[in-house]
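Peer 1: Next up is a structure, given as structure tokens.
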Amino acid sequence: YGELGLKGKNKSLFIGKLANNIRVAMRDLPDCCVRSTWGRLWLEVEDTQKVRAMERLQQIFGIYSISPVAEAEKNLESIGLTALSVIKQALPNGGTFKIETRRADKTFPGTSPQISRDVAEMVFRQLDDRFDAEMEHPQATVNIEIREEGAFVYGETIHCAGGLPVGCSGKGLLLLSGGIDSPVAGWMAMKRGVALEAIHYHSFPFTGEKAKEKVFELCKVLAKWQNGPVRLHVVHFTEIQKAIYERCEAEYGITLKRRMMFRLAERVARERRCLALFTGESVGQVASQTLESMSVIEHVVNLPVLRPLVCMDKEEIMKIAQRIGTYDISILPYEDCCTVFVPKHPVINPN
């Protein structure tokens, strides 16, 4: 679990939160058990549920990697036979490998390098010439961990989302449009342990039901990463937009509209005990995202406004959107309220 191990006296709180998030994610899988030991979290699951469990684990923030392990008895012969099985599974057609040992249980005889050599010697007696040792760039690495609770062998390490467990950093409110950026900003907030609710501005009849349904679908995707539902607040924004564009100078329309969005978001955030507002803004991307504009727009609220994408290029944001499963939804051709009443020449340096 990566950086959670560096949390000092609070470490157990973070690891406990992560263990609980895993239990919640596995609640419908039979006979699952999560336990914590030094440096590791263990999930015991039936073989028939292994694939489903591993898919879910990869969407839980706080987990840096997962490894399906085989347990052996705490003797060299059993460890050697288990390592042989892992090698054949990892390299069904042969290939190069190395063996690495971590001896956490210092009562087990021998040093870690000696155990690796002894196991390798046992393994090579059972392998043909399609297999060979390679220390620098092996096709597979077989890891042996000898711990107080047992001996474990694994040959696969799958990298996961990392970050902090959702819920350990408080709650925030995401300003969620139907575009590419804001769902990615929400995902990045979750990665730092923030539990999210979302607010969306709907301008019927200028934006239709399809645009609102698109935001519902984005929330469903984010809910998979949050390991629980994302509450969505839908604000009917039409009359506010009409009033702004009927009574104000056109070039200031976006600035005033965004200030009203922030005011409303802060009101909802305080009612829902959210500690910050999150947006998908990136410096210089559009007129309302110059430094001058962002400063003027956020001036109407007292809550922190956090922008996880602030220094990212559009291409970087799109790659994350594709990876987390929001991109195909975001590009559906349904307008949101941000594309309604857009002036030809919006002010980019409002005072």
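Peer 1: Relative contact order (percent) for the chain, with alpha-carbon contacts under 8 angstrom and 6 or more residues of separation? Please list the in-between numbers first.
Peer 2: Working: 629 pairs, mean separation 58.0, N = 351.
With pairs under 8 Å counted, the relative contact order is 17 percent.
Peer 1: Another question about this same structure. With a 10 Å cut-off between alpha carbons and a GNM built on the chain, which of Gly80, Gly186, Gly62 moves the most?
Peer 2: Answer for the Gaussian network model of the chain: Gly80.
Peer 1: Which residues in the range 62-83 place their backbone N less than 18 Å from a point set 7 Å from the Cα of Lys11 along the Cα-to-Cβ direction?
Peer 2: 62-65
Peer 1: Any chance you could give the angle, 0 to 90 degrees and rounded to 10, that helix 238-247 forms with the longest Cα principal axis of the chain?
Peer 2: 50 degrees
Peer 1: Let me ask something else. On a 0 to 90° scale, report how tilted helix 76-90 is relative to the longest principal axis of the chain, with both axes built from alpha carbons and the result rounded to the nearest 10.
Peer 2: That helix lies at roughly 50 degrees to the long axis.
Peer 1: With N residues in the range 137-281, what two-decimal value do you get for its Cα radius of gyration over 2.2 N^0.38 Å?
Peer 2: So the range 137-281 has a normalised radius of gyration of 1.46.
Peer 1: Still on this structure, I have one more. Specify the longest stretch of the chain that does not include any exposed loop site, a site being one of the trypsin sites (Lys or Arg not before Pro) with a non-H, G, I, E, B DSSP assignment and at most 12 other Cβ atoms within 10 Å. Walk me through the numbers before you get to the answer.
Peer 2: Working: sites that count: Arg27, Lys106, Arg125, Arg130, Arg273, Lys344.
Result, exposed sites excluded: 131-272.
Peer 1: With respect to the cross-link table entries Lys191/Lys224; Lys7/Lys50; Lys171/Lys224; Lys242/Lys344, which display a Cα-Cα separation exceeding 24 Å? Before the final figure, lay out each step's value.
Peer 2: Values: Lys191/Lys224 13 Å; Lys7/Lys50 30 Å; Lys171/Lys224 17 Å; Lys242/Lys344 17 Å.
In this structure, Lys7/Lys50 lie more than 24 Å apart at Cα.
Peer 1: Quick check for me: using +1 on Lys/Arg Cβ and -1 on Asp/Glu Cβ, what's the dipole size of the chain about its Cα centre, in debye to the nearest 20? Walk me through the intermediate numbers first.
Peer 2: Values: 45 positive and 43 negative charges, 279 e Å.
Value, rounded to 20: 1340 debye.
Peer 1: Accessible area per residue of the range 169-317 at 1.4 Å probe, in Å²?
Peer 2: On the way: 6690 Å² over 149 residues.
Roughly 45 Å² per residue, with all protein chains present.
Peer 1: So how much accessible area does Tyr327 have, in Å² to the nearest 10, using a 1.4 Å probe?
Peer 2: Here the accessible area works out near 40 Å².
Peer 1: Quick one: with all protein chains in place, what share of the accessible area of the range 222-312 is carbon or sulfur, to the nearest percent (1.4 Å probe)? List each step's numbers first, then the result.
Peer 2: Details: 2450 of 4710 Å².
Roughly 52 percent, rounded to a whole number.
Peer 1: What per residue convex hull volume, in Å³, comes out for the range 61-144 when only alpha-carbon positions are used? Kindly include the intermediate steps, with their values, before the conclusion.
Peer 2: Values: hull volume 9.7 nm³, N = 84.
Once divided by residue count, the hull of the range 61-144 is 116 Å³.
Peer 1: If I fit a long axis through the Cα atoms of helix 112-124 and take the longest principal axis of the Cα atoms of the chain, what angle between them do I get, 0 to 90°, rounded to 10?
Peer 2: Helix 112-124 sits at roughly 70 degrees to that axis.
Peer 1: How much of the accessible area of the range 23-162, probe 1.4 Å, is carbon plus sulfur, in whole percent?
Peer 2: Details: 3790 of 7930 Å².
The value for the range 23-162 is 48 percent carbon and sulfur by accessible area.
Peer 1: Roughly what % of Cα-Cα distances in the chain sit above 34 Å, to the whole percent? Intermediate results must be reported in sequence, preceding the final value.
Peer 2: Details: 25448 of 61425 pairs.
Beyond 34 Å sits 41 percent of the P(r) for the chain.
Peer 1: While we're looking at this one, here's another question. With labels modelled as points extended 7 Å from the Cα through the Cβ direction, what inter-label distance (nm, one decimal) is found for Asn75 paired with Thr96?
Peer 2: Here the answer is 3.5 nm between the modelled labels.
Peer 1: Compute the FRET efficiency between Gln322 and Thr37 as 1/(1 + (r/R0)^6), taking r as their Cβ-Cβ distance and R0 = 35 Å, and round to the nearest 0.05. Don't jump to the answer; show the numbers that get you there.
Peer 2: Values: r = 36 Å, r/R0 = 1.04.
Efficiency, from the Cβ-Cβ distance: 0.45.
Peer 1: For a bin width of 5 Å, list the pair-distance distribution of the range 244-334 built from all Cα-Cα distances, rounded to whole %.
Peer 2: Calculated over all Cα pairs of the range 244-334, the distribution is 3, 12, 18, 19, 18, 19, 9, 1, 0 percent.
Peer 1: Here's something else I'd like to know. Label points 7 Å out from Cα along the Cβ direction at Glu239 and Asn351: separation in nm?
Peer 2: 3.3 nm
Peer 1: Oh, and also: Where is the GNM fluctuation largest for the chain (alpha-carbon springs, 10 angstrom cutoff): Leu222, Leu127, Leu57?
Peer 2: Leu127
Peer 1: Once both labels are modelled 7 Å past Cα along the beta-carbon direction, what's the Asp132-Gln114 spacing in nm?
Peer 2: Output for this residue pair reads 3.0 nm.
Peer 1: Take every DSSP beta bridge whose two residues both sit in the chain, then give the antiparallel share in percent to the nearest 5. Present the calculation step by step, with values, prior to reporting the outcome.
Peer 2: Numbers: 15 of 40 bridges.
Around 40 percent antiparallel, to the nearest 5.
The values are calculated or read from the model by the stated rules, or taken from the named source; none is laboratory data. Bear in mind that the values here come from a model prediction, so they are computed numbers and not experimental data. Reconstructed Cβ throughout: ideal geometry from the backbone, glycine too, with neighbour counts over all protein chains shown. The area values use the complete protein model at the heavy-atom level, side chains included, leaving out ligands, DNA and RNA. Shrake-Rupley method; radii C 1.70, N 1.55, O 1.52, S 1.80 Å.
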